[in-house]
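For reference, the structure is listed below as structure tokens.
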Amino acid sequence: MLTFSPTDRIFILTGAGVSAESGIPTFRGVGGLWRNYRIEDVASPEAWHRDPQLVWEFYSMRRRVASEAKSNPAHFALAKLEDALQDRLFLCTQNVANLHEQAGSRNVVHMHGDLFKSRCDTCSRPPFDDMNLYEPPAEIPQCECGGRIRPHICWFGEVPFELDRIYRALDECTIFMAVGTSGVIQPAASFVAQVADHARTIYVGPQKPANASSFTECYMGKAGEVLPDLFSSF
Ligand code: APR
């Protein structure tokens, strides 16, 4: 069980592992490939220019899987923690589904975008809610400007969302906890090094991440089992 002082500010970074127990496959674990494509091959501006239909098939599959998934005890433990800590908790996720919100979290920063939003690849029309599946024979939807509608996702080679807010919260935090992320994708993989001089650093997951040496504490196990125990005092 963790205890915090009343002045602690907690930054929590979640990755695909926090939703593994909800049935959403991680990217780099067993079952992480989609039709023999690595995520890097279908989640990039190059992939979009080469074969937008394939990219939409991939995100349609992810929309289908995510819309059937339910939050697990890890998501609920984090929502309860927000109730207790209010704005002293900063929850930043690399995940694009909405399982944190489904569990009751109200302030979630989705640095890699939102699976249930789309936007135009050409004009500045704001992103909009979109639950549709665009699989053959469906055409790729078009914007009024003539551009193509793409997923509102940060692809490889693009800049993650809300980085200013994220770096401010990293500067201010006294405890940094990463949950279920392999520690290989930048910039999230470097957050722990960024806070090393002013925050306690904790990792939760069944395997050591690539950046394990930067953490001072590791709790090895599934997020859905470890987090409710760690936060049982809230
Ligand atoms: N509880 C906690 N962690 C788990 C669980 C579990 N039940 N099951 C697996 N994990 C861990 C794995 O050990 C692994 O370290 O989750 C991690 C998942 O790693 P990745 O698949 O690499 O996912 P992530 O780190 O979130 O990927 C980052 O890469 O492909 C991009 O944009 C995509 O947001 C994604 C980013």
To the nearest 10 degrees, how steeply does helix 52-68 sit against the main Cα axis of the chain, on a 0 to 90 scale? 50
Hey, what angle do you get for helix 73-85 against the long axis of the chain, alpha-carbon based, 0 to 90 degrees rounded to 10? 60
Using modelled amide H (1.01 Å from N, peptide plane; none on Pro or chain starts), what sits under 5 Å from the amide H of Gly113, excluding residues fewer than 5 places away? Cys154, Phe161
Give, in nm to one decimal, the length gained when the segment between Leu163 and Asn107 is fully stretched (0.36 nm per residue of separation minus the Cα-Cα distance). 18.6 nm
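Suppose all protein chains stay in the model; what accessible area per residue would a 1.4 Å probe give for the range 190-229, in Å²? Before the final figure, lay out the partial values.
Details: 2070 Å² over 40 residues.
That works out to 52 Å² per residue.
Ratio of the chain's C-alpha Rg to 2.2 N^0.38 Å, to two decimals?
Dividing the Cα Rg of the chain by 2.2 N^0.38 Å gives 1.03.
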Pair Met61, Glu225: separation of 7 Å Cα→Cβ label points (nm): 2.9
Rolling a 1.4 Å sphere over the protein heavy atoms, what is the accessible area per residue of the range 31-85, to the nearest Å²? 46
Partners for Lys222 among lysines (Cα-Cα distance below 23 Å; same-chain residues under 8 apart left out): Lys70, Lys80, Lys208
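Quick one: Kirkwood hydrodynamic radius for the range 36-121, alpha-carbon pairs, angstrom, one decimal? Before the final figure, lay out each step's value.
Working: mean 1/r = 0.0690 Å⁻¹.
Every distinct Cα pair counted, the radius reaches 14.5 Å.
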Would you check the accessible area of Lys70, probe 1.4 Å, heavy atoms only, in square angstrom rounded to 10? 130
Can you pull the percent of the range 1-160's accessible area that's carbon plus sulfur, 1.4 Å probe, other chains left in place? 52
C-alpha long axis of helix 163-172 to longest principal axis of the chain, angle in °: 0
Apply 1/(1 + (r/R0)^6) to the Cβ-Cβ distance of Thr174 and Leu33, taking R0 = 41 Å, and write down the FRET efficiency to the nearest 0.05. 0.55
Two pseudo-spin positions, 7 Å from Cα along C-beta at Ala193 and at Phe156, lie apart in nanometres by 2.0
In the chain, which cysteines lack any other cysteine Cβ under 4.7 Å from their own? Cys92, Cys154, Cys173, Cys218
Tell me which residues come under 5 Å, amide H to amide H, from Arg200 once H is placed; ignore anything under 5 positions away on its chain. Ile175, Phe176
Would you tally the net charge around Met131, using a Cβ to Cβ cut-off of less than 15 Å, leaving Met131 out, and scoring K and R as +1, D and E as -1? -1
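Please give the contour-minus-distance gain from Leu54 to Glu144: 0.36 nm per residue of separation, less the Cα-Cα distance, rounded to one decimal in nm.
Details: separation 90, 0.36 × 90 = 32.40 nm, distance 2.24 nm.
Going from the current span to full extension adds 30.2 nm.
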Of Pro52, Pro136, Pro160, the most mobile residue in a GNM of the chain (C-alpha springs, cutoff 10 Å) is Pro136
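The values are calculated or read from the model by the stated rules, or taken from the named source; none is laboratory data. Given the structure is predicted, the values throughout are model-derived calculations rather than measurements. Here Cβ is always computed from backbone atoms with ideal geometry, including for glycine, and neighbour counts include all displayed protein chains. Just the protein is used for accessible areas: all its heavy atoms, side chains included, with ligands, DNA and RNA removed. Shrake-Rupley method; radii C 1.70, N 1.55, O 1.52, S 1.80 Å.
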